[in-house]
Amino acid sequence: MSFVQIIDYRTDRQDEMESLFDEWAEVSEGKRTATHEMHTHDREDPSHYVDIVEFPSYEEAMRNSDLPETRRLAGRMEELCTDGPRFLNMDVSRDESL
């Protein structure tokens, strides 16, 4: 069963956050288990962001979370956030193209 992690946060330092994500993607190449990521921005609240990261399974997501590169990312994200990040771990029970 596939798995998604939803990361909900607020920041007023989005440019730094984008650079951080780019850096993580580069240094985790060949190691990370994430297969797809959507970065979303709230139209009603300019400081609110939600990232949706897809993994093949919960176990692969936890393996990804244990990477030193991911741990550094999470620590730095906390520094850049005004609220959060809050992580939601979701098993995918239905997935359809509409």
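The values are calculated or read from the model by the stated rules, or taken from the named source; none is laboratory data. Here the structure is a predicted model, which is why all the values come from computation and not from measurement. Positions of Cβ are generated from backbone atoms using ideal geometry, with glycine treated the same way; all protein chains shown enter the neighbour counts.
Which residue pairs have Cβ atoms closer than 6 Å, lie 6 or more positions apart in sequence or on different chains, and pair a first residue in segment 19-37 that is under 11 Å from Glu69 (Cβ atoms) with a second residue that is in a loop (DSSP other than H, G, I, E, B)?
Listed pairs, sorted by first residue: Lys31/Leu67.
Looking at Glu37, Glu79, Glu96, which is the one that is more than 17 Å from Ile7 (Cα to Cα) and not polar (S, T, N, Q)?
Result of the check over Glu37, Glu79, Glu96: Glu96.
Does Glu60 satisfy being in a helix (DSSP H, G or I) and at pLDDT below 95?
no
Within segment 46-64, take every residue that is of a type outside the set (S, T, N, Q) and more than 19 Å from Arg86 (Cβ to Cβ) and give me the one that is surrounded by the fewest Cβ atoms within 10 Å (Cβ to Cβ).
The selected residue is Glu59.
List the residue pairs whose Cβ atoms are under 8 Å apart, where the first residue sits in segment 47-64 and is touching a residue at least 40 places away in the same chain (Cβ under 8 Å) and more than 27 Å from Gln14 (Cβ to Cβ), the second is among the hydrophobic types (A, V, I, L, M, F, W, C) and crowded, with 17+ Cβ neighbours inside 10 Å, and the two are 6 or more positions apart or on different chains.
That search, which allows pairs on different chains as well, returns Pro56/Phe3; Ser57/Phe3; Tyr58/Phe3; Glu60/Phe3.
From the list Thr33, Thr11, which residue is crowded, with 17+ Cβ neighbours inside 10 Å and either under 20 Å from Gly84 (Cα atoms) or among the hydrophobic types (A, V, I, L, M, F, W, C) (or both)?
Testing whether each residue is crowded, with 17+ Cβ neighbours inside 10 Å and either under 20 Å from Gly84 (Cα atoms) or among the hydrophobic types (A, V, I, L, M, F, W, C) (or both) leaves just Thr11.
Mind listing whichever residues of segment 65-98 are part of a strand (DSSP E or B) and surrounded by 11 or more Cβ atoms within 10 Å (Cβ to Cβ)?
Matches in segment 65-98: Asp83, Gly84, Pro85, Arg86, Phe87, Leu88, Asn89, Met90.
Would you check which residues across segment 12-34 are within 13 Å of Asp51 (Cα to Cα) and part of a loop (DSSP other than H, G, I, E, B) and list them?
Ala34
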